[in-house]
Amino acid sequence: MSISKAKKVLLNESEAISKLIGRIDGDFNKIINLMAKNKGRIIVTGMGKPGFIAQKVSATLSSTGTPSLYLHPAEALHGDLGRVTKEDVIIAFSNSGETEEVIRLIPILKKIGTKLIAITGNKKSTLAVNSDFVIDSSVEREACPMGLAPTTSTTAMLALGDAIAIALLEKKKIKPKDFALYHPGGSLGKRLLLKVQDIMRSKSKMPIVFGNTKVKDVLIKITKMRAGSASVVDKNGKLIGIFTDGDLRRHFEAGKELVDCKVADVMTKSPVTIAPDRLAAEAFEILTAKKIDEIPVVDDKNKPIGVLDVQDILSAGLV
């Protein structure tokens, strides 16, 4: 019984959302153009359950590059209307279009001069009649068997709010790097903002040796600095190779006497490198593709200035 009821609710709400598609017309374009040219903020309001939808829509707008805030209609009547300017655009959610706290805002909003967009289930309501634009969010019935609890109607409002936010995002040509700016703590933000220089191990924490250094001395230096490799440079300080535990194992397996060898004879020559201003995500892709654990970071003269280990990437929460 519970399963069939749950499926019925989802079917009811999905059908209601499908019917919204036919209501997206030329006025919707005008709304998006108005919001895109707006010099202020998009202020979203609503009371009760529609108020929670308004908060979510405001958060979605903010996170996709459009400054927005939620205005509680009751608090607005007690001083918070001071947040509203004529440069702002108001989106008001009300299924009936007659919500008292929302209706009482209309004369003041008109006086301020802000544009008002109504998302309502009643196109003949006081809210709709007094708004600059109206989006019809009406539904045939609520999912609630008594037809009382806001369910399908708030789902429809939420879907329309998402449609507005994404259409506005595309209109304003927001790119992934812009989106990441508003999500610096998330994985996307890290992938698009975190650079190699932000997480690399600095020059002071990496073994740097000359090519004529004996392997045994290189190993001592690697161990002392708790590193996974040593960068090998020429007399001018330019990178010519890298010596890793992989090089060590390969030559031991080949039966070579290593300890007194020059590191230049057993290093990996002309290793893969990366610049400090490259994205850390790019470095991770290189490490994965080349099946290596470390990559030297070099300046524009090919001099090592740091090293990036796969563990540094993992510690940064990039993957």
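The values are calculated or read from the model by the stated rules, or taken from the named source; none is laboratory data. Owing to the predicted nature of the structure, the values given are computational and were not obtained by experimental measurement. Cβ atoms come from the backbone with ideal geometry, glycine included; neighbour counts cover every protein chain shown.
Odds and ends about this structure:
- Filter result for Gly228 (over 23 Å from Lys195 (Cα atoms) and either more than 32 Å from the chain's Cα centre (by Cα) or not aromatic (Phe, Trp, Tyr) (or both)): no
- Any chance Gly97 is at pLDDT 95 or above and on the phi > 0 side of the Ramachandran plot: yes
- Unmet requirement for Gly241, which otherwise passes all of (1) crowded, with 18+ Cβ neighbours inside 10 Å; (2) assigned to a helix (DSSP H, G or I): (2)
- Any hit, region 25-32, residues being assigned by TED's automatic domain parsing to the domain that holds Lys86, in contact with a helix residue (DSSP H, G or I) (Cβ under 9 Å, 6 or more places away or on another chain) and closer than 15 Å to Ala159 by Cα: yes
- Residue within region 10-27 that is of a type in the set (A, V, I, L, M, F, W, C), part of a loop (DSSP other than H, G, I, E, B), touching a residue at least 24 places away in the same chain (Cβ under 8 Å) and surrounded by fewer than 17 Cβ atoms within 10 Å (Cβ to Cβ) present: yes
- Exclusive hit being more than 17 Å from Leu71 (Cα to Cα), assigned by TED's automatic domain parsing to the domain that holds His78, at pLDDT 95 or above and buried (at least 19 other Cβ atoms within 10 Å of the Cβ), set Leu105, Leu116, Leu168, Leu160: Leu160
- Cross-chain or 6+ apart pairs with Cβ under 6 Å, region 220-249 first and over 20 Å from Cys261 (Cβ atoms), then outside any helix (DSSP H, G or I): Met225/Pro207; Gly237/Lys303; Lys238/Asn302; Lys238/Lys303
- Selection within region 45-81 - charged (D, E, K, R) and buried (at least 22 other Cβ atoms within 10 Å of the Cβ): none
- Screening Arg141 on (1) out of contact with any Asp or Glu (no Cβ under 7 Å at 6 or more places or on another chain); (2) surrounded by fewer than 22 Cβ atoms within 10 Å (Cβ to Cβ); (3) farther than 19 Å from Lys49 by Cβ shows it passes everything except condition (3).
- Screening Asn212 with (1) of a type outside the set (Gly, Ala, Ser); (2) closer than 21 Å to Leu193 by Cβ; (3) in a loop (DSSP other than H, G, I, E, B); (4) out of contact with any Gly (no Cβ under 8 Å at 6 or more places or on another chain) gives one miss only, at (2).
- Hits in region 28-55 (condition: of a type in the set (A, V, I, L, M, F, W, C) and either assigned to a strand (DSSP E or B) or closer than 22 Å to Glu142 by Cβ (or both)): Ile42, Ile43, Val44, Met47, Phe52, Ile53, Ala54
- Residues being within 19 Å of Pro207 (Cβ to Cβ) and basic (Lys, Arg) - total across region 251-295: 2
- Subset of region 127-137 (residues that are surrounded by fewer than 19 Cβ atoms within 10 Å (Cβ to Cβ) and either more than 33 Å from the chain's Cα centre (by Cα) or at pLDDT below 95 (or both)): Val129, Asn130
- Tally of residues being in contact (Cβ under 8 Å) with a residue 12 or more places away in the chain and either farther than 19 Å from Gly241 by Cβ or within 27 Å of the chain's Cα centre (by Cα) (or both) across region 283-294: 4
- Residue satisfying condition, being surrounded by fewer than 17 Cβ atoms within 10 Å (Cβ to Cβ) and at pLDDT 90 or above, within set Asp260, Asp299: Asp299
- Residue within region 206-229 that is on the phi > 0 side of the Ramachandran plot and either touching a Pro at 6+ places or on another chain (Cβ under 9 Å) or exposed (fewer than 15 other Cβ atoms within 10 Å of the Cβ) (or both) present: yes
- Considering residues of region 140-157 that are modelled with pLDDT under 85 and of a type outside the set (Gly, Ala, Ser) only, the residue farthest from Lys5 (Cα to Cα): Leu148
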